[in-house]
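The values are calculated or read from the model by the stated rules, or taken from the named source; none is laboratory data. These numbers were taken from a predicted model, which means no experiment stands behind them. Positions of Cβ are backbone-derived with ideal geometry, glycine not excepted, and every protein chain shown enters the neighbour counts. Ligands, DNA and RNA are stripped out before the accessible areas are found, and what is left, the full protein with its side chains, is counted by its heavy atoms. Shrake-Rupley method; radii C 1.70, N 1.55, O 1.52, S 1.80 Å.
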Amino acid sequence: MNARSRLFLTLGLAVVLPALALIFVTFQHVKSIQRDKKVEALIHRDFQYVLTIGAKKMASKAYGMTEEVRNAFPSVDDSDDVKRKKLDEIVQKNPWFTHVFLYDAKKGIVLEPQRAVMDEKEADESGKMYSAWFNLEGAYLCGQLRRKPKPIMWMPGESQRANGLVYTTTAIFSFPELDRDRIVLGGASFDPKYLKEKFFPQLLEELTSQSFTEDPEQLHEQSFLQLMPKAAIEHPDQKLAMIVYPADALKSEPDRPMAMSAGWGSGKPEVSYKLDDPFRGLALGIKFQGTTAQAISRRWVWQSFLILGVLSVLMIGGLVLTYRSVNKQVALARLKSDFVSNVSHELRTPLALIRLYAETLELGRITTREKKNEYYSIIRKESERLSALINNILDFSRIEAGAKEYDFRETDIAELVRNTLDSYRYQIEQQGFALEEQIDPGIPSVKVDREAIARALVNLVNNALKYSDNEKFLGVRLYREQSVLKLEVSDRGIGIERNEQSRIFEKFYRTCDPLVHNTKGSGLGLSLVRHITRAHGGDVEVESTPGRGSKFTLSLPLANPSTT
Ligand code: ADP
């Protein structure tokens, strides 16, 4: 198994599969939340909870008010006048009751009205009505009351008044401290106006002013708070709105609301709760101000999908990057190992040749002068090749280690190019190349590292010689273009494919042309050339057409060469 397929396997098994599984599972999870309307259900459950609390608060407030009044009631054995006086005090102190009364089976009823809302005649009628009823059922009611934890019962209901149907509730209570056989009942009736304008609005305001977030302890353990992203519930839209309305309108939009909290607007409650005593016949409704649980749920699901999507894209991006970088490392490792085998071959061949020819000469078997000269030149050429290669490798390792230093000196670059070519002229011509040398006159001197520039030129010339087959031509041009000095090396050789033109400057990179394959090389030359020209503040470019030849151009700025 090679490194690449191992990489595929590791990435696949260790990263991609679990990641995909995770994405899939989360996706399904969010979908199931969406399908089962879980968020909505949780919100509704919390609504239900707030309603229950609300109903309890209402009831306990009504009970509390009634108990307070009952405790202030006169004794049944007081005289009618005392009773009347005390009841009158009660009515004065508790303006929210329309009337209070005390009934005794033996002595009859004393009823004290709230004079602002009930006149004498009305009071009289009510008194008679209560008397008639208690005369019939007083004993039964007392028995019932005795069985309750709190001896209070309620008579809620709507009644027709001048201004239409009004709702009120009346408390009827007994006095457990009296003897069992005494039939005594007290009562207090709430003012419908007070209920509608004060009692319910105040409680609704109290209930809605605490938003879900402010009082999470009150909510169930597994509330939607835990499920929803915090930002979603802290939205100002999510204030509660509540309403109290006749329970018979439960299914439709409440048309005669008793009271509603600020921000109710209009519309149906999302969840409603039928109130029991003391306010039987009424219902308590709740919803969000300006939004619905469904909308919140939808938004939550949408947000979850969005986050999931972004995470997936990030993860896939990360995977692609990882894959590419590992792939690059693998390719580099392969290039390096190719390099080592190429270089060792490159070192061995010239050494073997030098040894062979030197030994032959030593043995003195070669007699003709020409032959001898030929052998000498081979030895010289091979040692030149060897030192060029070693120079390249040394330079390369210095560059890699960041230790390459350049020695910039004022140089007559025209002469430098001429001299370098001169020392190669023989080799060039020997290989059958036509050398066209074109050095413009009047090139100013520049500050360069002579050795480095010469090495760059040698590398380019060597490449031109190596990668030409049919037409053997080598052109070298030195000219000035405004403030840039250009050194051009061109050939009419095999050329370089477009997509490879940028890559040939990478270290160890060699094209896949068969001629390149059969020619020894290290893939270092051009990367050195680029490094050298960049160190001089310039750059190197290539123009090439496969099969037609290549032209490498070094650009060196005339002014201010970088001194790195
Ligand atoms: P080497 O010549 O040792 O392989 P280089 O870094 O000098 O390494 O060159 C990199 C590659 O660029 C070469 O292997 C070859 O494929 C391509 N190349 C360089 N110069 C030429 C050229 N003049 N013509 C065609 N291809 C070239």
Practice item. Quote the charge dipole size of the stretch 7-75 about the Cα centre in Debye, to the nearest 20; the model charges only the Cβ of Lys and Arg (+1) and of Asp and Glu (-1). Key: 120 debye
Check your understanding: Angle, helix 38-71 long axis vs. longest principal axis of the chain, Cα atoms, 0 to 90°, nearest 10?
Key -> 30 degrees
Review point. Using the Cα gyration tensor of the stretch 330-370, with a ≥ b ≥ c the square roots of its eigenvalues, what is the shape: rounded (a/c below 1.5), prolate (a/b larger than b/c) or oblate (neither)?
Key: prolate
Revision key, fill the gap. Per its Cα gyration tensor (rounded if a/c is under 1.5, else prolate when a/b beats b/c, else oblate), the stretch 123-205 is best filed as oblate
**Study point:** Net dipole in debye of the stretch 102-190 [+1 Lys, Arg Cβ; -1 Asp, Glu Cβ; about Cα centre; nearest 20]
**Key:** 360 debye
Revision key, fill the gap. Contact order relative to length for the chain, counting C-alpha pairs under 8 Å separated by 6 or more residues, stands in percent at 10 percent
Exercise for review: Using only Cα atoms, locate the centre of the stretch 88-125 and the centre of the stretch 307-327, then give the distance between them in Å, rounded to an integer.
Suggested key: 81 Å
**Study point:** Estimated dipole of the chain in Debye, rounded to 20 [Cβ of Lys and Arg +1, of Asp and Glu -1, Cα centre]
**Key:** 1680 debye
Study note, to complete from the structure: Once the mean of 1/r over all distinct C-alpha pairs in the stretch 305-442 is inverted, the Kirkwood radius in Å reads 20.6 Å
Practice item. Mind checking which of 167, 134, 275 is farthest towards the positive end of the chain's charge dipole, using Cβ charges of +1 (Lys, Arg) and -1 (Asp, Glu) about the Cα centre? Key: 275
**Study point:** Surface share of carbon and sulfur [accessible, 1.4 angstrom probe, percent] for the chain
**Key:** 53 percent
Revision key, fill the gap. Given a 1.4 Å probe, the accessible area of the stretch 301-354 per residue, as a whole number of Å², is 66 Å²
Study note, to complete from the structure: Mean accessible area per residue over the stretch 443-564 (1.4 angstrom probe, all protein chains present, square angstrom) is 45 Å²
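Over 28 Å between C-alpha atoms is what I'm after, so list which of 128/198; 57/85; 86/121; 107/193 land there.
128/198; 57/85; 107/193
May I ask you to give the solvent-accessible area per residue for the stretch 1-102, in square angstrom, as obtained with a 1.4 angstrom probe?
Per-residue accessible area for the stretch 1-102 comes out at 56 Å².
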Review point. Dividing the alpha-carbon radius of gyration of the stretch 55-118 by 2.2 N^0.38 Å (N being the number of residues), what value is obtained?
Key: 1.18
Study note, to complete from the structure: Computed over the chain: longest principal axis from alpha-carbon atoms vs helix 293-362 long axis, angle to nearest 10 degrees, is 20 degrees
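What's the whole-number percent of alpha carbon pairs in the chain lying beyond 44 angstrom?
Roughly 57 percent, once rounded to a whole number.
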Check your understanding: Per-residue ellipticity at 222 nm for the chain, helices alone: DSSP H runs ≥ 4 residues times -39500 (n - 2.57), over residue total, nearest 500 deg cm²/dmol?
Key -> -16500 deg cm²/dmol
Review point. In the chain, with Lys and Arg counted as +1 and Asp and Glu as -1 at Cβ, which of these residues, 351, 265, 516, has the Cα nearest the positive end of the dipole, that is, farthest along it?
Key: 351
**Study point:** Positive-pole candidate from 72, 470, 306, dipole of the chain, charges at beta carbon
**Key:** 470
Revision key, fill the gap. Sorted on mean Cβ neighbours within 10 Å (highest first), peptides 445-456, 9-20, 494-505, 510-521 come out as 445-456, 494-505, 510-521, 9-20
**Study point:** Two-decimal Rg to Rh for the stretch 376-466 - Kirkwood Rh, Cα set
**Key:** 1.00
Check your understanding: residue 520: which lysines have alpha carbons under 18 Å from its alpha carbon, excluding same-chain residues fewer than 8 sequence positions away?
Key -> 336, 381, 466, 507
Check your understanding: Peptides 534-541, 365-372: what's the order by average Cβ count within 10 Å, highest mean first?
Key -> 534-541, 365-372
Check your understanding: Hey, what angle do you get for helix 80-93 against the long axis of the chain, alpha-carbon based, 0 to 90 degrees rounded to 10?
Key -> 20 degrees
